[in-house]
1. For region A:653-679: of the residues being part of a loop (DSSP other than H, G, I, E, B) and open to solvent by 20 Å² or more (accessible area, probe 1.4 Å), which is farthest from the other protein chains (Cβ to nearest Cβ)?
2. List, please: which pairs have Cβ atoms under 7 Å, are six or more places apart or on different chains, and start with a residue in region A:178-192 that is more than 8 Å from chain B (Cβ to nearest Cβ) and end with one that is open to solvent by 10 Å² or more (accessible area, probe 1.4 Å) and of a type in the set (K, R)?
3. Taking only region A:54-97 into account, find how many residues are open to solvent by 20 Å² or more (accessible area, probe 1.4 Å), under 30 Å from B:Q287 (Cβ atoms), polar (S, T, N, Q) and at pLDDT 90 or above.
4. Restricting the search to region B:226-258, which residues are without any contact (Cβ under 8 Å) to a residue 40 or more places away in the chain and in contact with an Asp or Glu (Cβ under 7 Å, 6 or more places away or on another chain)?
5. Looking at (1) crowded, with 21+ Cβ neighbours inside 10 Å; (2) without any contact (Cβ under 8 Å) to a residue 60 or more places away in the chain; (3) away from chain A (no Cβ under 14 Å), can you tell me which one B:F216 breaks?
6. Would you check which residues across region A:382-410 are touching a helix residue (DSSP H, G or I) at 6+ places or on another chain (Cβ under 9 Å) and more than 18 Å from A:G563 (Cβ to Cβ) and list them?
7. Filter region B:93-136 for residues that are within 13 Å of chain A (Cβ to nearest Cβ), open to solvent by less than 30 Å² (accessible area, probe 1.4 Å) and under 27 Å from B:E219 (Cα atoms); which is nearest to the chain's Cα centre (by Cα)?
8. How do the helices (runs of 4 or more DSSP H) wholly within region B:9-127 filter down when requiring 2 or more residues that are under 30 Å from B:Y183 (Cβ atoms) and touching a residue at least 40 places away in the same chain (Cβ under 8 Å): which remain?
Amino acid sequence: MRSITKTVFLIILAFFTGACDNNPYTASLSGKNILFSAFSTRIKYLDPARAYSSSEYRFIRQIYEPPLQYHYLKRPYTLIPLSATEVPKPQYFDANGNVLPENAPVKTIDHTVYEISIQRGIKYQPHPGFARDAQGRFIYHNLSESALSNIHELSDFEKTGTRELVANDFVYQIKRLAHPRINSPIYGLMSEYIVGLWELNERLQQVDKEQKLDYIDLDNYPLEGVEVVDDYTYRIRITGKYPQFLYWLAMPFFAPVPPEAERFYSQKVLIKRNITINGYPVGTGPYMLTVNNPNYRIVLERNKNFHGELYPLEGAAGDKELGLLRDAGKPLPFIDTAIYTLEKETIPYWNKFLQGYFDAATISSDNFDQAVTISADSNAILTDEMREKGIRLITSVRPTNFYFGFNMQDTVVGGTAESARLLRQAISIAMDIEEFISIFHNGRGIPAQGPLPQGIFGHKEGEKGVNPYIYDWVNGQAKRKPIAIARSLLAEAGYPNGRNEKSGKPLVLYLDVRGGGPDDKSMFDWYRKQLAKLDIQLIVRATDYNRFREKMQMGNAQIFWWGWHADYPDPENFLFLFYGPNGKVKYGGENAANYQNDKFDALFEQMKNMDNGEARLKIIDKMVEIVRYNAPWLWGFHPLEFSMHHDWEHNVKPHPMENSSLKYWRIDHEKRENYREKYNKPVLWPLGLMLALVVIITVLAVRLYRQREYRRQAVNN
Amino acid sequence: MFNYILRRLAYALPILLGVNFITFALFFMVITPDDMARLHLGDKHITQEQTKQWKHERGYDRPLFINSAHQDIEVIKDTIFYQKSVRLFFLDFGTSDADRRDINYDISQRVWPSIAIAVPTFVVGLLVNITMAMLLVFFRGTQLDTMAVVMTVILMSISSLFYIIAGQFLMSKLWHLTPISGYELGFDAWRFLILPVVIGVISGMGAGTRWYRSIFFEEINRDYVRTARAKGVPELKVLFRHVLRNAMVPILTGVVVVIPALFMGSLIMETFFAIPGLGSYTIEAIQSYDFAIVRSMVFLGSVLYIIGLVLTDISYTWVDPRVRLS
């Protein structure tokens, strides 16, 4: 009992004598070359065949190395080799297998072959799946429950091994895309292109059903369109011509996975302990995942087997002035360890950033006003408080569209009739997107002038980039056309003052959106207000996401609010959202507006297989003009991402397509220590005041008690 | 008593089945297996075949309650409800719908942070509330009592979120005494537990103190108290030795029943302080429509609540020898 009392006393003593502080990390981590960051949602998938969200890519991009990557600094986005020796050149073949020239007409191309050579000498991170005994047998491939009594994490395995990366690992991973148990999100799309992927999936489904094996050795099941040429070369054969395939080769879906690792992870005793390939990736990249507790912490550490890479020698215009080329030519990575802590709530997340315990932070609406002010010319600038702390604001446009779509199958707002087109144009002018961004997104967005956001080939800045049907170019700026123009367009469309000129009935439109919670009410009111400017009644129908999707699939929506985030930085990935054969209702594609225009479709087919250049740009201009004129979308906005960085974090340049920036970043940890010391000095007088209050109350209580006892004794006597 | 416990446990079976049925029905009224598949597989490039495969892998491709494709007992057995429910009674929770993690393993890992935060909050809170209530009874009728009662009403009226935000501001931002949030495994966890425990105790003080104060007030006018006073026993001794012991039955009613539920963690505290316990596990599962985890946690919660009720009954016999369970 005495020892317990002593311990409690010591803890209390330590607490009030300064052994306690607000540092959420152990003292041993201070002064080290560590990046401290956070993640806000539980990371579900780290399997490169399954992961698809930016929160997952943030981790696996540091571990897995696909054949290609994006240049960190160059804009527009440029592909460069990563584990490949060079960016592969496509070879075109006709139906008889004859080689075709580069400029062969698309119709003559039967299939395309990409032959990819990989770098020699790349080794995997140390991993127990590779560990072998003296006889060369795998040590941990036949584990029993008893052998795992002390194993709770991957790092608990005593022995590890490695081996050289070979071409078969890339082929193995492509086969994994067709694995029925993995459910890769790009299987559907890739099975249209990679020859034999669909057949492989059918075969594997059959095997899975009949044999019910823990592990299906994919090496035993050939994939017709993908073959190993030699240890350092493999070939992928795709149907027809698909130049955008190169972008996919820069995604973790095409990164190598060693069969030994999958064999190792397929053991039931490990699955029972949640040690799976989904939780513990095995890669060749600059970092390896050493702690994966998705409930509170993920740790990446420098991969001691990393083959080496150098910081880029050249960048985009202005990068040198920003100091982004200061480390040019130096070996990567700079940071030894990255610790990511689960932080769901914005208040502690933001405070830890200000206290110097996170190196960077994104801005939520809760702390927007504390961090940023919007200047008279609508630019976001840091507040004085942030500037005093040496914090920097970095903004970037995401390759994303948020838009109001018009269902082109709808009898009122859809169709090719001139009246419907004018109605769509009128609504597009009335909906003040600038105000929407300002009110609901703290100014974090750029009004869209068409389908292509900044950084995508075909996007135009300034007067040339303005949508002339919605905006006027006034004093060097795009200005939304006055509401009077919208009203006259509406009258031309047959709805003067918002009433059908034939029936006299008021025009009632329906907007389908997701959500519908109390927070959305003000937004819905704003939507109604916008159309009320034209005397149109807008009924907002809010549903959950699944019902919303169903409506879209059935074509039951009239106007809808939706978004699109690009897979890769090519205009094809945006313009295909208007391609007829990609219509949602008819073909189950991503063209949610079900827009169909023969001229546009013909141009799209021509454009999608072209290389970037003048000829392609001309076609893109024509396509953009068609959709601007027909207005199947009310062009919404491209979101702007604001991130805050302390001045000890160097080489930070946002790259929305590539989340492997960690290897380029550098930390000045001494500066961080100084900051933490400066901005974490306690203010203790309120605590003293509270303690004084407690003492006063106690004294009063004791006096009262004594008086009462005295009176009681007096009565007894 | 043994027979009584057996009987109570037998009663528990239909209750658990009912709870499971209601959870199942409510969940599937909101979201169908197809919806779940779409939500988990994501937005882009997903084929109907993949949706089917997802459901098949998780056993959601069966009918919900009745399988008319069969004739015999399989009509009931080859359904989602049966397949998903039976295993629960053997505490085999299977794998999560989203990332196929073993739920039993996750529970075994996450229960400790939940206990680490819930037990100190409960024990310290109980001691503080009883002591405060005793002191209020001791100072009954004085200005101190009036002030304290007003204070407890104020404490009760404030939202728990306010306590969290104010606590984080004072303890971490102003006084720099504890980290604002987070968790560390092992003994280092104590630094992260102080703030949520202090907030948990203070936020529960208003309601707790008033509740115990009312219990003690009922006892304070009984004959045995008058007798003790008449014999010259000091007031503090009367309260803490005699009144407290005799007020144990109503105290236990409220206390013992929640002890097993402490394992389930605190939904709000764990989420706000990023503590990887079972409370935040449940919240995450609800947010991500992971029915396998939600079902498991609701079932576990029901089991623990029933255990709490049985323990309460048993504890009556311990504090009051007149009570007999039959």
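The values are calculated or read from the model by the stated rules, or taken from the named source; none is laboratory data. Just so it is clear, the model here is predicted, and its values are computed rather than measured. Cβ placement follows ideal geometry from the backbone for every residue including glycine, while neighbour counts extend to all protein chains displayed. Note: accessible area is taken over every heavy atom of the protein model, side chains too, but ligands, DNA and RNA are not part of it. Shrake-Rupley method; radii C 1.70, N 1.55, O 1.52, S 1.80 Å.
1. Filtering region A:653-679 for residues part of a loop (DSSP other than H, G, I, E, B) gives A:653-660, A:665, A:668, A:679.
Okay, now just the ones that are also open to solvent by 20 Å² or more (accessible area, probe 1.4 Å), so A:653-654, A:656, A:659, A:665, A:668, A:679.
Details: A:K653: 26, A:P654: 22, A:P656: 16, A:N659: 17, A:W665: 23, A:D668: 23, A:Y679: 10 Å.
Top of the filtered list is A:K653.
2. Correct list of pairs: A:I182/A:R50; A:S184/A:R50.
3. 0
4. Once the filter is applied, which keeps residues that are without any contact (Cβ under 8 Å) to a residue 40 or more places away in the chain and in contact with an Asp or Glu (Cβ under 7 Å, 6 or more places away or on another chain), region B:226-258 yields B:N246, B:A247.
5. (2)
6. The answer is A:L382, A:T383, A:E385, A:M386, A:K389, A:G390, A:I391, A:R392, A:L393, A:M408, A:Q409, A:D410.
7. It comes out as B:M134.
8. Values: elements: B:33-41, B:48-58, B:74-77, B:80-86.
It comes to B:33-41.
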